[in-house]
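Here's the structure, in structure tokens; my notes come after.
What follows is calculated from the coordinates using simple rules that are stated; it is not laboratory data. Computed from a prediction, not measured in an experiment: that's the story for all the values here. FYI the Cβ positions are ideal-geometry reconstructions off the backbone, even for glycines, and counts take in every protein chain you see.
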Amino acid sequence: MNDENIIETERLSKNFKGLWAVKDVDLKVRRGTIHALIGPNGAGKTTCFNLITKFLAPTKGVIRYKGEDITRLKPADIARMGLVRSFQISATFPHLTVLENIRIALQRKLGTSFHFWRSEQSLDALNDRVLQLLEDVGLGAYADLQAVELPYGRKRALEIATTLALDPEMLLLDEPMAGMGREDIGRISELIRRVAHNRTVLMVEHNLSVVADLSDIITVLARGEILAEGPYEEVSRNPLVIEAYMGSGDEVGVAHA
């Protein structure tokens with residue numbers, strides 16, 4: 001395995017009752033990059049993402065993380081290795097405050113997640129780190145608000161903060177902009193850019209403006225196979241990519257947003 005790559009897959013494939021949703025995908029994600037996985041509807045990107053994050057078992061193929069074969073490991077195993085999927089492991093507690101949600105995530109990292117009997121003084125010792133994380137994601141003013149009261153975009157920021165509390169080396173984002181308005185998209189895009197400063201990010205995202213703005217490398221899937229790969233300006237002009245998107249009813253093109 002190339003030391004520059006933090007994730008590599010080899011002939012990664014998934015068959016559902018005779019249908020190859022993902023077929024022979026050789027994906028390489030370089031350390032320190034934001035790498036987007038895109039494609040028209042039905043391209044297999046979500047299945048591929050679920051295979052890499054261990055929420056699905058491959059029919060065949062190999063997945064390596066930092067040179068180690070993780071093909072048969074479970075999501076919790078790879079999370080402990082620093083490979084963390086946001087919006088899955090980081091589900092929030094709606095009726096706890098924003099501060100309490102982050103504190104629980106930090107306890108998980110320390111192995112004391114459900115020790116609610118611990119003294120308030122021992123929990124308060126985590127508060128400095130909690131407040132720093134809240135500032136990092138723009139939630140410093142919301143610390144005492146219940147999570148259920150947060151606007152939608154701020155809830156996504158809280159979910160990212162709880163993921164960051166696990167101190168991941170690689171962050172996997174599953175459609176982080178889904179359901180967001182323009183203002184929230186701008187805010188979360190900037191947040192992703194900041195948290196990627198010393199991490200690797202792999203994301204599945206439908207919003208091509210976001211992909212164009214954030215990504216260093218894009219892998220385009222179609223019918224379960226890699227169709228093209230490279231910077232956005234390159235893949236968005238690839239005739240095969242344009243044809244695949246036109247056939248799906250989606251649109252592709254260099255975004256200016």
Long-range amide H partners of ARG31, meaning residues 5 or more apart or on another chain whose placed amide H is closer than 5 Å, are ASN5, ILE6
If each part is reduced to its alpha-carbon centroid, the range 205-244 and the range 1-23 end up apart, in Å, by 18 Å
D (µm²/s, integer) via Stokes-Einstein for the chain, Kirkwood Rh across alpha-carbon pairs, 20 °C, 1.002 mPa s: value 112 µm²/s
Residues meeting the amide H criterion for ALA165 (H placed from the backbone, H to H distance under 5 Å, 5 or more places apart or on another chain) are none
A correct fewest-to-most ranking of THR59, THR200 by other Cβ atoms within 10 Å would be THR59, THR200
At the level of C-alpha centres, the distance separating the range 179-193 and the range 27-55, in angstrom, is 20 Å
Quick calc: nm separation of the 7 Å Cα→Cβ label points for ASN198 and PHE55 -> 2.9 nm
Karplus ³J(HN,Hα) for the range 163-177 (6.51 cos²θ - 1.76 cosθ + 1.60, θ = phi - 60°; Hz, whole; x = Gly/Pro) runs 5, 5, 4, 7, 6, x, 7, 10, 10, 10, 10, 9, 6, x, 9
A correct Kirkwood calculation over the Cα atoms of the range 137-257 returns a hydrodynamic radius in Å of 15.8 Å
Any residue on another chain or 5+ positions along whose placed amide H is under 5 Å from the amide H of LEU221 is listed here as ILE38, GLY39, LEU227
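Kindly rank 206-212, 144-150 from highest to lowest mean number of other beta carbons found within 10 Å of each residue.
Numbers: 206-212: 19.6, 144-150: 14.6.
Per-residue Cβ counts within 10 Å, averaged per peptide and sorted highest first, yield 206-212, 144-150.
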A chain fully extended from ASP69 to ASP3 at 0.36 nm per residue, minus the present Cα-Cα distance, gains in nm 22.3 nm
By the mean-Cβ-within-10 Å protection proxy, highest first, 43-53, 220-230 rank as 43-53, 220-230
For ALA125 and GLU233, extending 7 Å from Cα along the Cα-Cβ vector and measuring point to point gives, in nm, a value of 5.2 nm
Length gained if GLU169 through GLU190 is fully extended, taking 0.36 nm per residue and subtracting the Cα-Cα distance, is 5.7 nm
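Could you grab the relative contact order for the chain? Cα pairs under 8 Å, six or more apart, rounded to a whole percent.
On the way: 469 pairs, mean separation 65.9, N = 257.
The value is 26 percent.
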Pairs over 24 Å Cα to Cα, from LYS23/LYS74; LYS14/LYS74; LYS14/LYS66; LYS23/LYS155; LYS28/LYS155, come to LYS23/LYS155; LYS28/LYS155
